[in-house]
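The block underneath contains the structure these notes are about, expressed in C-alpha cells.
The values are calculated or read from the model by the stated rules, or taken from the named source; none is laboratory data. Fair warning: this is a prediction, and the values are worked out from it, not measured in the lab. Virtual Cβ from ideal backbone geometry, glycine too; neighbours counted across all protein chains shown. Just the protein is used for accessible areas: all its heavy atoms, side chains included, with ligands, DNA and RNA removed. Shrake-Rupley method; radii C 1.70, N 1.55, O 1.52, S 1.80 Å.
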Amino acid sequence: MDKQDYTLRLISLGAGVQSTAMLLMAEAGEFDEYGKIDAAIFADTGWEPPSVYEHLEWLKTVVSVPIHVVSQDYKIRERTLASLGGKTRFTALPVYIKNYDGEKAMLRRQCTREYKIEPLERQARALLGLKKGQRMPRGTMVQNWLGISSDEAARMKRAYRPWMDNFYPLIERWISRQGCKDWMADHSYPEPSKSACIGCPFHDDGTWRDMKMNRPVEFADAVDFDHRIRTGLKGVDCEAFLHRSLQPLDEVDFRNAEDLGQLNFLGECEGYCGV
C-alpha cells in the first residue's frame, strides 16, 4: 500500500538496540519517505529487567510520539508459576526438555503471541477508537514497524491480522544491528541493554554470564524460576530447564575464555530477543 493509505502507523517497541534506533531515526526524520508514525507500543510481559523500564521512561522524554506501555492482565512469571500442577492455563514458554528418547527439545513458543502481539493489537484497535468485539471498518489498515535489522532478515514475518501490515524500515535501508549502535553513538544516544524476560530460555551464555556477574538479583530471580518449573508444567511430563544444557541454571559454568585465562577474539553474541 502507498504510505497515505494507512489509517494508523505504529512502531512495535521492544526497547532494545534495533527498535530504539528505529524510533529515534523516525524522530529525526530518517524514514519520512515511509510516512510519519503515530505512536509506539511497548508490550510488557511484567518480567523485564529494571534497566528496560528506565530506558522506556528516558525514551518518553526524547521523542514526540506517544509511547504506550500495554500488557495482559497477568504477568508471565506469575502466570507460569501459577500454572504448575494444572492450576491455571499454561502458555508455553520455549523451555528446554529431554524427550523420552533422551534427545533435547524445546517447547513450542506461545509467549510472544500472548504477551507481545495480542496487547499490541488490542492497543492498535483502541487507538482506532474500536470497542471490544467491534469489527474493523472496511478499508482500515495499520502499518506495524518492527525493528529487525539486516543481519536478522530471516526473522521477518507477515502480520497475524488482515488489517495489519508488518514493515521493516531497517531492512529497507539495509541497516545492521551494529549500524544501529553506530547511529546512536554518532547522535550521542546511550546504547540500550538487551530487552527480554529475565528468565528467557533464548539467552545466550554471554547474557547469563553478564547477569550473574553484574545483576545478581535478576540472576537469583531466574535461578528461582528455573528450579520451580522443573516439574509440574501443565502437559509436560519431562523436566524443564531454562538453559540448553539441561542443567540447573545455578550449576552451569558461564566462564568465558578470558575468565579461564585465554584470549578470546569472538565478537558480541546476539540473541533472539531485544530488538
Given the residues 102, 133, 129, which is the only one that is more than 28 Å from residue 223 (Cβ to Cβ), open to solvent by less than 60 Å² (accessible area, probe 1.4 Å), out of contact with any helix residue (DSSP H, G or I) (no Cβ under 7 Å at 6 or more places or on another chain) and free of Cβ contacts under 8 Å to residues at least 40 places away in the same chain?
129
Given the conditions (1) open to solvent by 60 Å² or more (accessible area, probe 1.4 Å); (2) closer than 22 Å to residue 62 by Cα; (3) of a type in the set (S, T, N, Q), report the number of the one that residue 193 does not fulfil.
(1)
Among the residues of the range 27-42, which ones are open to solvent by less than 20 Å² (accessible area, probe 1.4 Å) and under 21 Å from residue 177 (Cα atoms)?
31, 40, 41, 42
For the range 44-56, name all the residues that are in a helix (DSSP H, G or I) and of a type in the set (Ser, Thr, Tyr).
51, 53
When the residues of the range 169-224 are narrowed to those that are aliphatic (A, V, I, L, M) and closer than 20 Å to residue 116 by Cβ, which ends up modelled with the lowest pLDDT?
196
Is the range 87-108 home to any residue that is part of a helix (DSSP H, G or I), more than 19 Å from residue 159 (Cα to Cα) and among the hydrophobic types (A, V, I, L, M, F, W, C)?
no
Within the range 22-43, can you find the residues that are without any contact (Cβ under 8 Å) to a residue 60 or more places away in the chain, closer than 23 Å to residue 128 by Cα and in a loop (DSSP other than H, G, I, E, B)?
36
Please specify each residue of the range 240-274 satisfying the condition of being over 18 Å from residue 214 (Cβ atoms), over 25 Å from the mean Cα position of the chain (by Cα) and at pLDDT 65 or above.
251
What number of residues in the range 50-79 are surrounded by fewer than 12 Cβ atoms within 10 Å (Cβ to Cβ) and either in contact with a Phe, Trp or Tyr (Cβ under 7 Å, 6 or more places away or on another chain) or more than 22 Å from residue 184 (Cβ to Cβ) (or both)?
1
